[in-house]
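Chemist: The following block contains the structure, expressed as structure tokens.
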Amino acid sequence: MTVMDNLISLAMVDEEIKEIESSRGDLPSRIKKLETEKNKIKNEVQDLNSKLKELSDKQVELNRDKEDNDSSLEKYKDQLYLVKNNKEYDALNTEIDVVKDNLSKISSELSTIDESKKIIGEDIKLNELNIEECSGKLDNYSSQLENLMSDKEKEYKNLTLQKKKLITSMDNNILAKYNVMLSAKGYGAAAVIGNACEACYTTLPTQLITEIKQKTEFKYCPSCTILLYFEE
């Protein structure tokens, strides 16, 4: 099989692969979109759980500080009965005021943390519901796709293997040009239909058609620059 024959075979194989993939409709893109969305939500849940842990750690720390300040407040109150003069009394009251101020701040922070944890918890539950919904849709779409492809799976795998085998025998430069067209137009090479390019329907010069039929070298459409071949 000549290099040109390999190109023709590759183009035909890709056309058959394209037809099978087209039969899937937009299910693959839907599945991919849902998988991306599901992973994004999972990452959000992970971040929310990290924030929840940080808040819980801070809560433990603040409760420890609260216990220390409560203990100090009781100690200072007991000492009020033991003071011997106004100076000691005033000094103790100053310490008591400082501790009460600390307790007020701690209480405010704990209240804020409780509210934040509540909001985060609700966000986590909502995201988990969204993950379940995404999973349900993914199962549904995957099942539909599997049913569509069940009859063509063997054919699709064989075509994919044929393509890999043909690619190994292709010139890298030619293959690169072929792949550029395949990505841009959906096909890497076009047949000559009558006297026109199958891709852009431009009428081709007679000499060019003759050269394409000879299969001695690769020829390109003068209009759309796609690789051309003559399908016998």
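The values are calculated or read from the model by the stated rules, or taken from the named source; none is laboratory data. Computed from a predicted structure; not experimentally measured. Every residue, glycine among them, receives a Cβ derived from its backbone with ideal geometry; neighbour counts consider all protein chains shown.
Chemist: Count, please, the residues in the stretch 136-159 that happen to be among the hydroxyl-bearing types (Ser, Thr, Tyr) and surrounded by 13 or more Cβ atoms within 10 Å (Cβ to Cβ). Write out each step before concluding.
Modeler: Kept after step one, since they are among the hydroxyl-bearing types (Ser, Thr, Tyr), are these residues of the stretch 136-159: 141-143, 150, 156.
Checking the rest, the ones that are also surrounded by 13 or more Cβ atoms within 10 Å (Cβ to Cβ) come to 141-142, 156.
Counting residues in the stretch 136-159 that are among the hydroxyl-bearing types (Ser, Thr, Tyr) and surrounded by 13 or more Cβ atoms within 10 Å (Cβ to Cβ) gives 3.
Chemist: Quick one: which of Lys219, Lys213 is in contact with a helix residue (DSSP H, G or I) (Cβ under 7 Å, 6 or more places away or on another chain) and either surrounded by 14 or more Cβ atoms within 10 Å (Cβ to Cβ) or over 14 Å from Ser9 (Cα atoms) (or both)? Step through it out loud before you land on a result.
Modeler: Numbers: Lys213 fails: in contact with a helix residue (DSSP H, G or I) (Cβ under 7 Å, 6 or more places away or on another chain).
After ruling out the rest, the residue left standing is Lys219.
Chemist: Read through the list (1) under 25 Å from Asn179 (Cβ atoms); (2) loosely packed, with under 15 Cβ neighbours inside 10 Å; (3) within 25 Å of the chain's Cα centre (by Cα), then give the number of the only condition that Glu19 fails.
Modeler: Failed condition: (3).
Chemist: Of all residues in the stretch 168-178, count the ones that are in a helix (DSSP H, G or I) and exposed (fewer than 14 other Cβ atoms within 10 Å of the Cβ).
Modeler: Of all residues in the stretch 168-178, those in a helix (DSSP H, G or I) come to 168, 172-178.
Among the residues that remain, those that are also exposed (fewer than 14 other Cβ atoms within 10 Å of the Cβ) are: 168, 172-173, 176.
Looking only at that region, the number is 4.
Chemist: A follow-up question, please. Just a yes or no: is a residue in the stretch 87-110 of a type in the set (A, V, I, L, M, F, W, C), more than 31 Å from the chain's Cα centre (by Cα) and not in a helix (DSSP H, G or I)?
Modeler: no
Chemist: Is it the case that Tyr187 is touching a helix residue (DSSP H, G or I) at 6+ places or on another chain (Cβ under 6 Å), of a type outside the set (Lys, Arg) and surrounded by 13 or more Cβ atoms within 10 Å (Cβ to Cβ)?
Modeler: no
Chemist: Now a separate question. Every residue in the stretch 111-126 that is of a type in the set (Ser, Thr, Tyr) and either under 13 Å from Ser72 (Cβ atoms) or over 29 Å from the mean Cα position of the chain (by Cα) (or both), please. Can you show your working first?
Modeler: Residues of the stretch 111-126 that are of a type in the set (Ser, Thr, Tyr), as a first pass: 111-112, 116.
Matches in the stretch 111-126: Ser111, Thr112.
Chemist: Within the stretch 118-161, work out how many residues are farther than 30 Å from Gln59 by Cβ and either of a type in the set (A, V, I, L, M, F, W, C) or in contact with a Pro (Cβ under 6 Å, 6 or more places away or on another chain) (or both). First the steps, then the outcome.
Modeler: If we filter the stretch 118-161 for residues that are farther than 30 Å from Gln59 by Cβ, which is where we start, we get 133-161.
Checking which are either of a type in the set (A, V, I, L, M, F, W, C) or in contact with a Pro (Cβ under 6 Å, 6 or more places away or on another chain) (or both) leaves us with 134, 138, 145, 148-149, 159, 161.
The qualifying residues number 7.
Chemist: Could you tell me whether any residue of the stretch 43-56 is within 21 Å of Asn158 (Cα to Cα), loosely packed, with under 13 Cβ neighbours inside 10 Å and free of Cβ contacts under 8 Å to residues at least 24 places away in the same chain?
Modeler: Here is the first cut: in the stretch 43-56, the ones within 21 Å of Asn158 (Cα to Cα) are none.
No: the stretch 43-56 contains no residue that is within 21 Å of Asn158 (Cα to Cα), loosely packed, with under 13 Cβ neighbours inside 10 Å and free of Cβ contacts under 8 Å to residues at least 24 places away in the same chain.
Chemist: For residues in the stretch 129-148 being in contact with a helix residue (DSSP H, G or I) (Cβ under 9 Å, 6 or more places away or on another chain) and among the small types (Gly, Ala, Ser), which is nearest to Leu34 (Cα to Cα)?
Modeler: Taking the candidates together, the pick is Ser135.
Chemist: Residues to consider are Lys117, Lys125, Lys105; find the one that is surrounded by 15 or more Cβ atoms within 10 Å (Cβ to Cβ), basic (Lys, Arg) and at pLDDT 95 or above. Steps first, please.
Modeler: Values: Lys125 fails: surrounded by 15 or more Cβ atoms within 10 Å (Cβ to Cβ); Lys105 fails: surrounded by 15 or more Cβ atoms within 10 Å (Cβ to Cβ).
Matching residue, one of Lys117, Lys125, Lys105: Lys117.
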